[in-house]
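Have a look at the structure below before the remarks.
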Amino acid sequence: MSDLTNPFLIVQGQLHRAVENLGFPEDVYEVFKEPFRITRVAVPVHMENGSIQTFIGFRAQHTDVTGPTKGGIRFHQDVSEDEVKGLSMWMTFKTAVMGLPYGGAKGGVICDPGTLTERELEELSRGYIRQLAPVMGPEIDIPAPDVNTNPKIMGWMLDEFDKVRGHHTPGFITGKPLVLGGSLGRDAATGRGVLFVVLRAMDRLGIDPKKATAAVQGFGNVGTHSARLLAEAGVKIVAVSDVRGSAYNPDGLDIPALLRYAQEHRTTKGFPGSREISNDDLFSLDVDVIVPAALENQIDGKRAELVKARIVAEAANGPTTPEGDELLAERGIFVIPDILCNAGGVTVSYFEWVQNTMGYYWPEDEVNDKLLRMMNDAFDTIYKMRNEHKVTMREAAYLVAVHRVAEAATARGWLSLDFQHQVPPAILRGAGD
Ligand code: NAD
């Protein structure tokens with residue numbers, strides 16, 4: 001990972017720019033430029049071959065200025081301290097964009113879960129939570145699934161946390177199985193949020209979903225639900241890819257059949273009627289929408305030059321490098337930034353936590369309706385900001401988010417900004433023109 005692709009340095013740059021654009025003093029950057037707590041854990045696991053292997057994990061908690069911290073746990077061989085630090089800060093700005101009562105956090109364990117047996121994975125998941133239990137809880141820090149983690153793992157983690165505490169704490173973790181207090185609609189929530197903002201963007205740009213085409217990179221939780229729901233809305237999905245391969249058919253892929261195929265073969269590669277394309281080819285397809293739903297740094301300067309789509313919907317966190325972002329903006333491509341585009345997941349996680357607190361559970365249509373309203377409201381606020389100040393959707397999202405956390409920090413007495421008689425922020429004086 002170079003400085004140009006380091007999520008922690010990237011988000012620091014985004015924060016700094018927003019502080020400047022808002023005309024806020026440097027103090028705002030100083031308060032939010034680092035996670036307030038980073039915990040590093042070493043988790044020994046008894047391997048099937050009789051050996052013991054110790055795995056390193058992290059949990060970064062960025063700020064609790066607007067509530068307990070919240071964010072997923074990732075199992076991946078490329079996890080690093082800087083990656084979770086950066087991802088925890090993106091979570092802060094995501095929850096701020098959505099107006100949720102949380103700050104940001106993120107966790108990760110350096111491992112390749114594909115090489116672990118189910119028992120090894122369970123021991124690792126439980127050990128990770130046991131070590132972090134002192135700094136977690138429904139009112140402190142609430143984890144959720146992310147790359148290579150899922151409801152089953154959330155169930156093990158909840159059980160371990162309950163054992164440590166000695167009582168039931170369903171609100172400790174979200175994205176858990178329904179039978180343990182999960183929320184209807186959570187599994188598909190990130191993809192459903194992607195659908196809602198893509199439809200909103202298409203409406204604003206005059207694109208008819210029924211005549212539109214899309215390509216999706218990544219076919220895990222976020223990618224599968226995004227592809228399925230977009231297809232149900234009439235969008236023709238011509239390509240999808242995963243870490244092992246891809247499926248391309250210019251006439252459109254049969255998404256329900258592809259889902260069954262991918263479930264069975266654990267890849268989209270070789271799907272009947274499709275052919276393989278590279279990630280470079282996928283990003284250069286002549287489609288209306290590209291949905292990166294895999295990992296960070298997929299659209300760099302080189303790929304940004306290739307993009308022909310009118311909309312890039314950032315379903316993954318940090319899929320575009322700053323260089324790629326600048327080029328997409330120069331080329332007039334409408335980017336729905338990650339902190340808005342994939343916020344459906346944390347929003348329904350919030351609904352799950354609220355339901356756990358009440359002990360009263362909502363039907364799925366209620367969850368989806370509430371999500372629709374919140375995604376549309378957030379989209380509209382950011383879109384208005386973008387048009388009024390002639391900035392990109394990403395810059396507009398950061399203006400909204402940083403304004404909110406700075407206001408909360410001021411209300412707590414951490415900063416002394418004057419929100420009552422505020423000088424018009426630099427951005428309102430045309431600095432962004
Ligand atoms: P996942 O593990 O379920 O799926 C990841 C997918 O990406 C897999 O299909 C994998 O094969 C694919 N992939 C990995 N490297 C790839 C490559 N080089 N080319 C093509 N495909 C590749 O993870 P997920 O939960 O779907 O998360 C995906 C992204 O969305 C991450 O950036 C995550 O942080 C973000 N996100 C997830 C959620 C959530 O609710 N799960 C919420 C918000 C954001």
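The values are calculated or read from the model by the stated rules, or taken from the named source; none is laboratory data. Source: prediction; values computed, not measured. We place every Cβ from the backbone using ideal geometry, glycine too, and count neighbours over all the protein chains shown.
Okay, here's what the table says:
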item: Qualifying positions in region 199-225 - surrounded by fewer than 21 Cβ atoms within 10 Å (Cβ to Cβ) and under 11 Å from Ala293 (Cβ atoms); result: Gly220
item: Flag for Asp159 being surrounded by 19 or more Cβ atoms within 10 Å (Cβ to Cβ) and in contact (Cβ under 8 Å) with a residue 12 or more places away in the chain; result: no
item: Residue that is nearest to the chain's Cα centre (by Cα) [pool: residues in region 18-70 that are assigned to a loop (DSSP other than H, G, I, E, B) and without any contact (Cβ under 8 Å) to a residue 24 or more places away in the chain]; result: Lys33
item: Sole exception among (1) under 25 Å from Leu253 (Cβ atoms); (2) away from the ligand (no atom under 14 Å from the Cβ); (3) surrounded by fewer than 24 Cβ atoms within 10 Å (Cβ to Cβ) for Arg228, by number; result: (2)
item: Every pair of residues 6+ apart whose Cβ atoms lie under 9 Å, when the first sits in region 364-387 and is modelled with pLDDT of 95 or more while the second is part of a helix (DSSP H, G or I) and surrounded by fewer than 20 Cβ atoms within 10 Å (Cβ to Cβ); result: Met375/Arg200; Asn376/Arg200; Phe379/Arg200; Phe379/Arg204; Asp380/Arg200; Tyr383/Arg200; Tyr383/Arg204
item: Count - residues of region 237-255 that are within 12 Å of the ligand (Cβ to nearest atom) and assigned to a loop (DSSP other than H, G, I, E, B); result: 2
item: Candidate set: region 387-419, residues that are small (Gly, Ala, Ser) and more than 13 Å from His16 (Cα to Cα); chosen: the one nearest to the chain's Cα centre (by Cα); result: Ala397
item: Test: Phe219 is in contact (Cβ under 8 Å) with a residue 12 or more places away in the chain, in the same structural domain as Arg331 (by TED's automatic domain parsing), within 12 Å of the ligand (Cβ to nearest atom) and touching a Lys or Arg at 6+ places or on another chain (Cβ under 7 Å); result: no
item: Elements of type helices (runs of 4 or more DSSP H) in region 336-393, at least 2 residues being basic (Lys, Arg); result: 364-389
item: Count of residues meeting criterion [closer than 30 Å to Glu395 by Cβ and surrounded by 15 or more Cβ atoms within 10 Å (Cβ to Cβ)] in region 5-62; result: 35
item: Those residues of region 163-192 which are touching a residue at least 60 places away in the same chain (Cβ under 8 Å) and near the ligand (Cβ under 10 Å from one of its atoms), in sequence order; result: Thr174, Gly175, Arg186, Ala189, Thr190, Gly191
item: Out of Leu259, Leu195, sole residue that is surrounded by fewer than 22 Cβ atoms within 10 Å (Cβ to Cβ), within 15 Å of the ligand (Cβ to nearest atom), at pLDDT 95 or above and among the aliphatic types (A, V, I, L, M); result: Leu259
item: Among residues of region 315-340, those that are under 14 Å from the mean Cα position of the chain (by Cα) and either more than 9 Å from the ligand (Cβ to nearest atom) or farther than 19 Å from Lys94 by Cβ (or both), counted; result: 5
item: Members of region 84-118 that are in a strand (DSSP E or B), more than 12 Å from the chain's Cα centre (by Cα) and within 11 Å of the ligand (Cβ to nearest atom); result: Gly108
item: Evaluation of Phe271 against (1) within 15 Å of the ligand (Cβ to nearest atom); (2) part of a loop (DSSP other than H, G, I, E, B); (3) free of Cβ contacts under 8 Å to residues at least 40 places away in the same chain; (4) surrounded by fewer than 22 Cβ atoms within 10 Å (Cβ to Cβ) (one fails), failing number; result: (4)
item: Residues being surrounded by 22 or more Cβ atoms within 10 Å (Cβ to Cβ), touching a residue at least 40 places away in the same chain (Cβ under 8 Å) and either away from the ligand (no atom under 11 Å from the Cβ) or among the charged types (D, E, K, R) (or both) - total across region 71-83; result: 2
